[in-house]
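The values are calculated or read from the model by the stated rules, or taken from the named source; none is laboratory data. Computed from a predicted structure; not experimentally measured. Here the Cβ positions follow ideal geometry from the backbone for every residue, glycine too, while neighbour counts run over all protein chains shown. The accessibility values were calculated without ligands, DNA or RNA, using every heavy atom of the protein model including side chains. Shrake-Rupley method; radii C 1.70, N 1.55, O 1.52, S 1.80 Å.
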Amino acid sequence: MSVLLEARNCGKSFKGLQAVKDFSARIEEGKIYGLIGTNGAGKTTVINMLSGVLTPTSGTILYEGRDITGWKPDRVAKAGILRTYQNLRLFGKMTAAENTLIGAQMHRQYGFLDGLLHTKRFAENEKRYHEKAMKMLEEMEISAYADSRADSLPYGSQRRLEIARILAADPKLILLDEPAAGMNPQESADLVRAIRHAREEFNLTVLLIEHDMKVIMNLCEYIYVMASGEVIASGTPEEIRSDPKVIAAYLGRQTNA
Ligand SMILES: Nc1ncnc2c1ncn2[C@@H]1O[C@H](COP(=O)(O)OP(=O)(O)O)[C@@H](O)[C@H]1O
Ligand SMILES: [Mg+2]
């Protein structure tokens, strides 16, 4: 297994507050990783750093052997790291297909004139993007909603639509910030199946933040546990489940999980 991404002692502080003190991780190609921890542990800040939304105040991020620390989000995305946000960020009035097309068009090469003159290249590429968008809707099992307004989809389908949109941008690594938040058990099960399926189909690497322990334990092959801005444990689901530090700091409080 080759290492796709490596975070080395990454930290982020906001005006004196150390949101992340020390985050290190090795993400191998083709695996599904979980990132868990109580609210405020620093999980979203980690994804913000890995996706270029925030520049770490310390540490290094290596991706495919290159130092990408401080790269802007669009450059990180074009290199193959795509993410979703903790809150839905769809264009509600646009259709599901149109939302997904935005992802597919991220790698658009041609310029303004191609579009204006409707060159052959323009037409061929647009057709390809459209087909890719439709394929990703299928992949997420929401193609029946292709022409429906995004905000009219059931909640669980809206969250899968966000994933379809980033899949259309040809990611190597996807970072999902609480994709199952607010879902009922059926929606969570559909999500788990869709993520697994996408991983197989595209040899994707996945890192997801999640509170739903059923989703984490079912889906993830390796888990990082954070508390107060630091990784306090990492290992397989079995190792994490029986780690006294994790039980004390995290799992012990999950009485309703
Ligand atoms: N942009 C920001 N400015 C100031 N403080 C922030 C900012 N983003 C996050 N924080 C703080 O950093 C800590 C970690 O936040 P976050 O990464 O969102 O945690 P988690 O996702 O694990 O719940 C929290 O105390 C939060 O209030
Ligand atoms: Mg968060």
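Couplings 3J(HN,Hα) of segment 43-60, computed from phi: 5, 5, 4, 4, 5, 4, 5, 5, 9, x, 5, 10, 8, x, 8, 8, x, 9 Hz, in residue order, whole Hz [Karplus 6.51 cos²θ - 1.76 cosθ + 1.60, θ = phi - 60°; x for Gly and Pro].
The length gained on full extension between MET94 and LEU17, counted as 0.36 nm times the residue separation minus their Cα-Cα distance, comes to 23.8 nm.
Evaluated at q = 0.22, 0.27 Å⁻¹, a Debye calculation over the C-alpha positions of segment 92-169 (equal weights, vacuum) places log10 I(q)/I(0) at -0.87, -1.14. Of the chymotrypsin sites (Phe, Trp or Tyr not before Pro) found in segment 46-153, those in coil by DSSP whose Cβ has at most 15 other Cβ atoms within 10 Å are PHE91, TYR110.
Largest GNM mean-square fluctuation among GLY30, GLY40, GLY103, using the chain with Cα springs under 10 Å: GLY40.
Figure legend: label point modelled 7 angstrom from the Cα of THR57 along Cα→Cβ; residues of segment 69-88 with amide N under 17 Å from it are 70.
Taking a ≥ b ≥ c as the square roots of the eigenvalues of the Cα gyration tensor of segment 32-135, is the shape rounded (a/c under 1.5), prolate (a/b larger than b/c) or oblate? Since a/c reaches 1.5 and a/b is larger than b/c, the shape of segment 32-135 is classed as prolate. What the pair-distance distribution of segment 23-78 shows, using all Cα-Cα distances binned every 10 Å from zero, is 21, 53, 25, 1 percent.
Among the listed pairs LYS72/LYS245; LYS21/LYS132; LYS15/LYS245; LYS135/LYS245; LYS31/LYS120, which have their C-alpha atoms separated by more than 32 angstrom in this model? Flagged as over cut-off: LYS72/LYS245; LYS21/LYS132; LYS135/LYS245; LYS31/LYS120. A Förster distance of 25 Å, applied to the separation of the beta-carbon atoms of GLU239 and HIS197, puts the FRET efficiency at 0.45. Residue ranges 235-248, 166-179, 188-201 sort as 166-179, 188-201, 235-248 when ordered by packing (mean number of other C-beta atoms within 10 Å per residue, highest first).
For the pair MET217 and HIS130 in one chain, pulling the backbone fully straight at 0.36 nm per residue adds 27.8 nm over the alpha carbon distance. Between TYR155 and ASN39, the modelled label-to-label distance comes to 1.6 nm, taking each label 7 Å out from Cα in the direction of the beta carbon.
Averaged over its residues, segment 1-111 has an accessible area of 46 Å² per residue, based on protein heavy atoms and a 1.4 Å probe.
The spacing between segment 127-156 and segment 4-67, judged by their C-alpha centroids, is 31 Å.
Amide H to amide H distances under 5 Å link ALA233 with VAL225, where only residues 5 or more positions off or on other chains count and H is placed in the peptide plane. For the chain, what % of the accessible area comes from carbon and sulfur atoms, probe 1.4 Å? Roughly 50 percent of what the probe reaches on the chain is carbon or sulfur. Taking Cα centre as origin and charging only the Cβ of basic (Lys, Arg, +1) and acidic (Asp, Glu, -1) residues, the dipole magnitude of the chain rounds to 640 debye. Here the chain yields Rg over Rh of 0.99, to two decimals, using C-alpha coordinates and the Kirkwood radius. Per residue, segment 130-246 exposes 40 Å² of accessible surface when a 1.4 Å probe is rolled over the protein heavy atoms with every protein chain present. Bridges between two residues of the chain, per DSSP, are antiparallel at a rate of about 55%. So which trypsin sites (Lys or Arg not before Pro) in segment 47-107 end up in coil per DSSP with only 15 or fewer other C-beta atoms within 10 Å? The qualifying sites are ARG89, LYS93.
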